[in-house]
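Peer 1: After the structure tokens below, expect a handful of questions from me.
Please treat every number below as a calculation from the coordinates, not as lab data. Predicted model, so just to flag it, every value in this text is computed and none were measured. Ideal geometry is used to build each Cβ from the backbone, glycine not excepted, and the neighbour counts take in all protein chains shown.
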Amino acid sequence: MMRHRVALPVGLALVLVAALASAGSIRVKMHDLHGEGGVPPGWKFTLPAGDPAKGKEVFAALECYSCHIVEGQGFPDKATDKTGPQLTGMGVHHPAEYFAEAVLDPNAVIVEDAPEWVGADGRSTMPSYNDAMTLEQWINLVAYLKSLGGGGMPGPEAAGGGHEVRGGHDMHAGHEMHGPVRDKTVGEYRVRLDYTEPEAENRPGLLAVSITDAASGHAIPYLPVRARIALGKKARTVSLAPVIGSEGLRYAAAVAVPDEADSVTVLVGAATVRVESAERGKYRTPRQVSFEW
Ligand code: HEC
């Protein structure tokens, strides 16, 4: 009896030690490996961690920017939304393995409602890079793509994991979800605008703005926030109220933003609470930032 009581925790500790020693590896018995169609239970293709800084060099050297806009990264301004999807802030929207596949086989997933990205032969216009980079460059490039965005604001992928999006051709819902990325830094704020289309026409959608400290990534509450929606000579200004949800604290309003709108400008007033003196005038100056629609 006594022996058992002691043996159990020791066994457990050994298992833990083994798990720590082999972090990153799956240990499996031959029998289990073959029992599940040739993969360990729960297995998923996983790319090793890479170096985003080196990946950025690869992105520049291979001139990926000639087709993909990546705002704020200092690449030459060559791409448009017609040459390829914007990759600004893209890291939070897809798992690493999705990026890996997008580079390895651009035809694995074709976005049906973006015909400008597909050639006459129905295939992706993105060239193959399979003889242009080493595996190490590929891994670093993916680490770089995965690092784009983030900024403390989790995207849909962080909540749902990436498993279900991989490989399928039925992933357009995911693409519509992020749409164009509207994310800019103004003064001390990083401002990100999201618009969820209404379920039925003539109904309001949800205009939501995340405002985080550009340096720390923390969401900033207690700001008076308005949005000005401009369409031709007309403009309409709505007040946004703080809401809490899976995206953390955001400022939002139920409002219809028509596709034809020219721009949405976010107007941030001075914080309505006292700001710690150590912050030296932060959160006091009204700021505004415009996003093309
Ligand atoms: C000639 C233009 C062109 C070049 C150059 C190019 N791409 Fe693309 N890329 C596209 C197009 C078009 C798509 C969309 C169709 C598709 O998925 O292949 C795309 C898709 C992607 C996607 C998937 C984006 C998403 O949201 O699904 C990633 C990631 C990507 N490219 C990365 C790269 C990287 C990294 C390079 C450089 C090594 C590169 N591209 C070079 C045109 C290009």
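Peer 1: Show me, for region 269-275, the HN-Hα J-couplings you get by feeding each phi into the Karplus relation (A = 6.51, B = -1.76, C = 1.60, θ = phi - 60°), rounded to Hz, glycine and proline as x.
Peer 2: Rounded to whole hertz, the list is x, 5, 3, 8, 10, 5, 9.
Peer 1: Which of Tyr283, Gly232, Val266 sits closest to the plus end of the dipole of region 183-292, meaning its Cα is farthest towards the positive end, when Lys and Arg get +1 and Asp and Glu get -1 on the C-beta?
Peer 2: Working it through, the farthest residue towards the positive pole turns out to be Tyr283.
Peer 1: Taking amide H positions as placed 1.01 Å from N in the peptide plane, with prolines and chain starts having none, which residues 5 or more places from Gly205, or on another chain, fall under 5 Å of its amide H?
Peer 2: Those qualifying (amide H under 5 Å, at least 5 residues apart or on another chain) are Val255, Ala256, Val257.
Peer 1: To continue, here is another question. If eta is 0.692 mPa s and T is 37 °C, what Stokes-Einstein diffusion coefficient results for region 183-292, Kirkwood Rh from Cα pairs, in µm²/s?
Peer 2: It comes out at roughly 227 µm²/s.
Peer 1: For region 234-249 and region 260-289, what is the separation of their Cα centres, given in Å?
Peer 2: 14
Peer 1: If amide H atoms are built 1.01 Å from N in the plane of the peptide, which residues on other chains or at least 5 residues away come under 5 Å of the amide H of Asp81?
Peer 2: Correct list: empty.
Peer 1: Can you list the HN-Hα couplings for region 45-53, worked out from phi with the Karplus curve (6.51, -1.76, 1.60; θ = phi - 60°), rounded to whole Hz and with x for Gly and Pro?
Peer 2: Per residue, the Karplus-derived 3J(HN,Hα) values read 4, 10, 7, x, 5, x, 10, x, 5 Hz.
Peer 1: Next question. For Leu148, what residues show an amide H to amide H distance below 5 Å, using hydrogens built from the backbone and excluding near sequence neighbours?
Peer 2: Result for Leu148 returns Gly91.
Peer 1: Residues with beta-carbon under 15 Å from that of Asp213, excluding Asp213: net charge, scoring Lys, Arg +1 and Asp, Glu -1?
Peer 2: +4
Peer 1: Determine the dipole magnitude for region 183-292: charges of +1 sit on the beta-carbon of Lys and Arg, -1 on that of Asp and Glu, nothing else is charged, the reference point is the Cα centre, and the result goes in debye to the nearest 20.
Peer 2: I would put it at about 600 debye.
Peer 1: Which trypsin sites (Lys or Arg not before Pro) in region 194-236 pass both tests, a DSSP loop state and at most 11 other beta-carbon atoms within 10 Å?
Peer 2: Sites meeting the loop and neighbour criteria: Lys233.
Peer 1: Taking the Cα centre of region 83-140 as origin and charging only Cβ (+1 Lys, Arg; -1 Asp, Glu), how large is the dipole, in debye to the nearest 20?
Peer 2: Computed charge dipole of region 83-140: roughly 100 debye.
Peer 1: Among the listed pairs Lys78/Lys234; Lys82/Lys184; Lys54/Lys78; Lys184/Lys234; Lys82/Lys234; Lys29/Lys54, give every one whose C-alpha distance is greater than 26 Å.
Peer 2: From the list (Lys78/Lys234; Lys82/Lys184; Lys54/Lys78; Lys184/Lys234; Lys82/Lys234; Lys29/Lys54), the Cα-Cα distance tops 26 Å for Lys78/Lys234; Lys82/Lys234; Lys29/Lys54.
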